[in-house]
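Asker: Pasting a structure below so you can have a look.
The values are calculated or read from the model by the stated rules, or taken from the named source; none is laboratory data. Please read these numbers as outputs of a predicted model, since none were measured by experiment. All Cβ positions, even for glycine, are placed from backbone atoms using ideal geometry, and neighbour counts span all protein chains on display. Side chains are part of the model used for accessible areas, which takes the heavy atoms of the whole protein and leaves out ligands, DNA and RNA. Shrake-Rupley method; radii C 1.70, N 1.55, O 1.52, S 1.80 Å.
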Amino acid sequence: MAILSKEEAQAILKKVIGYSKADFCEVGLNGSDGGNIRYARNAVSTAGQISTMSLGVSSTFGKKTGSATINEFDDASLQKVVKRAEELAMLAPENPEFMPPLGPQTFPESNTYNAKTAAMTPDTRAEMVGKSLSVSKAAGLDAAGFLENSTRFNAIMNSKGLFAYNKGTDVSFSVTVRNKQGTGSGYVEQGFNDLDKMDTLALSKIAASKANGSAGAKAIEPGKYTVILEPLAASDIIGNMFRGFDARSADEGRSFMSKKGGGTRLGEQLFSENVNIYSDPMNTEMPSSTFTGEGLPVKRTQWVEKGVVKNLSYSRYWAAQKNVQPLPFSRSMIIEGGTQSLEDLIKSTEKGILVTRFWYIRSVDPQTLLLTGLTRDGTFYIENGEIKFPIKNFRFNESPVIMLNNVEALGKPVRTGSGLIPPMKIRDFTFTSLSDAI
């Protein structure tokens with residue numbers, strides 16, 4: 001029962017709306033069905049299948065809203081959850097930022113669903129994990145990984161006639177591979193909507209190569225270096241920046257998009273001219289839902305063009321305060337790149353450092369977006385276009401805003417972490433100290 005069709009979901013939501021006595025009623029219905037395998041030290045430790053579905057109701061009288069959720073779907077239970085939401089609404093204080101629900105909207109059908117991914121079975125997952133384990137066992141290494149897939153749907157409806165439905169799939173895989181001595185480590189992480197794009201064998205070979213290659217790391221002095229950031233590393237640090245494209249926090253002086261003395265940096269060139277960032281729920285490599293939780297349409301949006309900030313996201317409330325159109329933020333963030341591979345970027349580097357990924361990233365200064373964190377799972381010294389030797393991990397202190405001003409080259413974008421992100425060649429990246437962790 002976890003995955004309902006559009007018609008099945010609509011029938012339940014109509015029934016719930018029909019029970020409402022509130023001024024406004026908004027209902028969301030969500031379900032998912034999927035499974036996972038976790039393994040460590042070259043052996044499966046857990047495996048499971050999860051199927052779940054829930055319904056949430058928000059009832060409003062005036063500007064007072066109450067919400068309740070339930071995972072039972074007989075008529076008596078649906079009546080009960082509506083009544084409970086209305087009781088809570090009567091007890092709630094008024095919301096000074098309340099916005100009435102939207103009326104009917106038009107949404108294009110997304111391409112988030114893939115039938116082959118939805119058809120995955122425990123045997124499919126076992127075969128994929130078996131390929132990964134064959135790599136680590138053959139190389140005399142230890143692997144610890146996680147494979148997960150899910151099919152999900154979400155549907156929303158309100159008492160003003162809005163209805164939206166979306167169904168999607170995804171499969172994700174990550175593995176850490178280490179040598180027996182614990183002196184070398186490699187890591188990969190990847191996710192897709194389409195199962196055919198997931199190659200656990202090839203990904204595990206990359207992690208194993210880094211595990212062997214990172215053993216015997218040498219210490220070099222911290223400082224400013226040219227770095228080649230693999231897409232995962234770039235995503236790790238840039239993901240923190242995407243959340244700053246919010247108009248309200250910028251207007252209120254709470255983000256790196258705030259202008260000193262008031263206002264925002266909308267329209268300013270904050271990044272290098274070769275930085276272009278957009279979102280598009282219909283992108284075939286990074287598809288996402290075409291509507292928000294309250295029913296706003298999500299469309300292709302250019303956030304940065306040739307380094308210039310072109311848009312900030314506006315909630316419905318903040319858009320009304322500023323007399324502009326609301327603009328929802330999207331999870332399908334895409335940084336345009338070029339055609340060069342990671343290997344091409346390495347070959348073009350006279351001296352530099354290759355970073356597999358960052359971890360334990362923490363904010364130092366929200367106003368400049370200064371971050372600190374550590375490299376991990378394979379950090380290498382580059383000289384004359386070749387990887388010469390592994391190096392000990394560094395702590396970095398860097399802002400992605402400054403980093404994207406120091407872009408020398410961008411490679412071909414790949415799906416990873418928080419979006420479609422290219423490998424990046426960055427000059428003057430700041431490493432402040434060494435770390436003994438691998």
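Asker: Would you mind telling me the antiparallel percentage of the DSSP bridges in region 220-359, rounded to 5? Please report the intermediate quantities before stating the final value.
Answerer: Numbers: 12 of 16 bridges.
DSSP beta bridges in region 220-359 are roughly 75 percent antiparallel.
Asker: Still on this model: Using modelled amide H (1.01 Å from N, peptide plane; none on Pro or chain starts), what sits under 5 Å from the amide H of residue 379, excluding residues fewer than 5 places away?
Answerer: So residue 379 has HN proximity to 391.
Asker: Tell me, how many Å apart are the Cα centres for region 65-114 and for region 209-223?
Answerer: 53 Å
Asker: Which entries in the list 15/64; 6/83; 116/310 go over 32 Å, if you measure between the two C-alpha atoms of each?
Answerer: From 15/64; 6/83; 116/310, over 32 Å: 116/310.
Asker: From Cα pairs below 8 angstrom and at least 6 apart in sequence, can you work out the relative contact order of region 312-438, rounded to a whole percent?
Answerer: Reported relative contact order: 26 percent.
Asker: Okay, moving on. Of the candidates 365, 377, 236, which one comes out as most mobile in a Gaussian network treatment of the chain with C-alpha springs shorter than 10 Å?
Answerer: 365
Asker: Something else about it: Express in whole angstrom the spacing between the alpha-carbon centres of region 339-353 and region 372-417.
Answerer: Taking the Cα centre of region 372-417 as reference, the centre of region 339-353 is 11 Å away.
Asker: Which sequence of 332, 272 reflects their accessible areas, 1.4 Å probe, from the largest down?
Answerer: Largest accessible area first, the residues go 272, 332.
Asker: Mean separation of Cα pairs under 8 Å and 6+ residues apart, divided by the residue count of the chain: what relative contact order is that in percent?
Answerer: 15 percent
Asker: Please list 3J(HN,Hα) in residue order for region 374-387, calculated via the Karplus relation 6.51 cos²θ - 1.76 cosθ + 1.60 where θ = phi - 60°; whole Hz, with x for glycine and proline.
Answerer: Each residue's phi maps through the Karplus curve to give 10, 6, 6, 6, x, 10, 9, 8, 10, 8, 6, x, 10, 6 Hz.
Asker: Heavy atoms of the protein only, probe of 1.4 Å, neighbouring chains included. What is the accessible area of residue 120 in Å², nearest 10?
Answerer: 20 Å²
Asker: Filter the trypsin sites (Lys or Arg not before Pro) in region 226-302 to those in DSSP coil with at most 12 other Cβ atoms within 10 Å of their Cβ, and list the result.
Answerer: 260
Asker: A further question on this structure: Sequence gap of 8 or more, or different chains, plus Cα separation below 23 Å: how many lysine pairs satisfy both in region 146-222? Don't jump to the answer; show the numbers that get you there.
Answerer: On the way: 167/197; 180/205; 180/210; 180/218; 197/205; 197/210; 210/218.
Eligible lysine pairs with Cα atoms under 23 Å apart amount to 7.
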